[in-house]
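Undergrad: My questions will all concern the structure given below.
The values are calculated or read from the model by the stated rules, or taken from the named source; none is laboratory data. Being a predicted model, the structure only gives us computed values, none of them experimental. Note that each Cβ is placed from the backbone with ideal geometry, even for glycine, and that neighbours are counted across all protein chains shown. These accessible areas exclude ligands, DNA and RNA; they are computed on the full protein's heavy atoms, side chains included. Shrake-Rupley method; radii C 1.70, N 1.55, O 1.52, S 1.80 Å.
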Amino acid sequence: QVQLVESGGGLVQAGGSLRLSCASSGLALDTYAIAWYRQAPGKEREGVSCITKFGIDTKYYSDFAKGRFTVSRDIAKNLVFLQLNSLKPEDTAVYYCAAGVICQRSGDYDYWGQGTQVTVSS
């Protein structure tokens, strides 16, 4: 059950930027909390950011993301973005979006995408 699709990943140099998108044809994303996670090879999946459902729109960021990453919505296009700025090699990972009723632990999200690769070179 893959109902979310991430895009926008790629290869950038340290200090560069990328904008990731989370899209769905089957879900109205504004009715869900949308979280971003990432997983590097051999590492556990870790939370990056979360935005609560439209009408509340509280945003959360992990410490490593604060001041560099920004989560936002485009309601009309049914998209959620994760803007990645000032990228570091340690940001290299597969980035996933997930949808659920609230911002919560990763195991409690109802839908996940297949991920998009972000690679940051030094």
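Undergrad: Express the carbon and sulfur contribution to the solvent-accessible surface of the stretch 34-122 as a percent, rounded to the nearest whole number, probe 1.4 angstrom.
TA: Answer for the stretch 34-122 is 47 percent, counting heavy atoms of protein chains only.
Undergrad: Still on this structure, please answer the following. Based on alpha-carbon centroids, what's the gap between the stretch 66-122 and the stretch 12-26 in Å, whole number please?
TA: After rounding, the separation between the Cα centres reads 8 Å.
Undergrad: List nothing, just return the count: lysine pairs in the chain, 8 or more apart or interchain, with Cα separation under 26 Å.
TA: Within the chain, the lysine pair count is 9.
Undergrad: How much length, in nm to one decimal, is gained on full extension between residue 44 and residue 64, taken as 0.36 nm per residue of separation minus their Cα-Cα distance?
TA: 5.7 nm
Undergrad: Within a Cβ distance under 11 Å of residue 98, other residues only, what is the Lys/Arg minus Asp/Glu net charge?
TA: Residues close to residue 98 contribute a combined charge of -1.
Undergrad: A further question on this structure: Any idea of the accessible area per residue across the stretch 1-84, 1.4 Å probe, to the nearest Å²?
TA: Heavy-atom accessible area per residue stands at 53 Å².
Undergrad: Using mean Cβ contacts within 10 Å as the protection proxy, how do 102-111, 82-91 order, highest first?
TA: Going by the mean number of other Cβ atoms within 10 Å, highest first, we get 82-91, 102-111.
Undergrad: Nothing charged except the Cβ atoms of Lys and Arg (+1) and of Asp and Glu (-1): what's the magnitude of the dipole of the chain about its Cα centre? Round to the nearest 20 debye.
TA: Result for the chain is approximately 180 debye, rounded to the nearest 20.
Undergrad: Below 8 Å between Cα atoms, with a sequence gap of 6+, how large is the relative contact order for the stretch 1-61 in percent?
TA: The value is 23 percent.
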